Amino acid sequence: MNLLGKDISSEALLTRIGEKLLARGLASPANGPIRFEGVEPRVDPLAFNLEAMAEHADVTRPLPLESHRQGLGRAVLWSKRVFRATCQVLINETLGRQRVFNGHVRDAYAQLSAEVVALRAQVEALQNQAAASVPAPVAAKTPRKKR
C-alpha cells in the first residue's frame, strides 16, 4: 500500500500513530484505577451511553434555542419562542408516547449493561481460575544411556 507517495512510508506512519495512541492511553485496554493526571481517563461506553440516553429521554423537554443567522437571527429566535409557548401542550401530547418508549429503552439498556458487566466479571474469574488450575510444565526426563 503506497497511497501517500514515495517520501512517506505507510509502516512508519502506522508506527507513529500507534505510538501516539499508546501515549494517550488508547492502544491498550484500561486496567487499574482511573488516573486524573497525565492522559485523560478512558470513557466507559456503557456508562456514557446510559447517561446520554437518560439526558435525552424526555423528548418534550426543549433544546436551547439558537440561530445561525446574523441579521434575522433575533426575529427567528423570537418566532421559535412564540411557537414553543403556544404549542407546548400540543408538543407534549404528541410526543408523550415517544417519551415513555425512550424511558423503556433507557431502562432496558441499563439492565443489559449491568448484565454485560456481570458477565465480564464471570469470564475474568473463570479465566483466572483456569490459569490457576493448569499445572506448570514439568521438564521431561531423558533416559540415560547405559554403558
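The values are calculated or read from the model by the stated rules, or taken from the named source; none is laboratory data. Everything numeric here is computed off the predicted structure, so don't read it as measured data. FYI the Cβ positions are ideal-geometry reconstructions off the backbone, even for glycines, and counts take in every protein chain you see.
If the condition is being of a type in the set (A, V, I, L, M), closer than 30 Å to Leu112 by Cα and either modelled with pLDDT of 85 or more or under 23 Å from the mean Cα position of the chain (by Cα) (or both), then the stretch 46-79 contributes Leu46, Ala47, Leu50, Ala52, Met53, Ala54, Ala57, Val59. Looking at this structure, is Val43 within 30 Å of Leu22 (Cβ to Cβ), free of Cβ contacts under 8 Å to residues at least 12 places away in the same chain and of a type in the set (A, V, I, L, M)? Answer is yes for this residue. The number of residues in the stretch 49-77 that are over 30 Å from Ala108 (Cα atoms) and part of a loop (DSSP other than H, G, I, E, B) comes to 8.
May I ask you to say which residue of Val123, Val43, Val82, Val116 is within 16 Å of the chain's Cα centre (by Cα), loosely packed, with under 12 Cβ neighbours inside 10 Å and either assigned to a helix (DSSP H, G or I) or modelled with pLDDT of 90 or more (or both)?
Working: Val123 fails: within 16 Å of the chain's Cα centre (by Cα); Val43 fails: either assigned to a helix (DSSP H, G or I) or modelled with pLDDT of 90 or more (or both); Val82 fails: within 16 Å of the chain's Cα centre (by Cα).
The unique qualifying residue is Val116.
Within the stretch 20-34, one or more residues are at pLDDT 65 or above, surrounded by fewer than 12 Cβ atoms within 10 Å (Cβ to Cβ) and not aliphatic (A, V, I, L, M). The residue pairs whose first member lies in the stretch 95-120 and is farther than 18 Å from Thr60 by Cα, whose second member is surrounded by 13 or more Cβ atoms within 10 Å (Cβ to Cβ) and not hydrophobic (A, V, I, L, M, F, W, C), and whose beta carbons are closer than 9 Å, counting only pairs six or more residues apart or on different chains, are Tyr109/Asn49; Ser113/Asn49.
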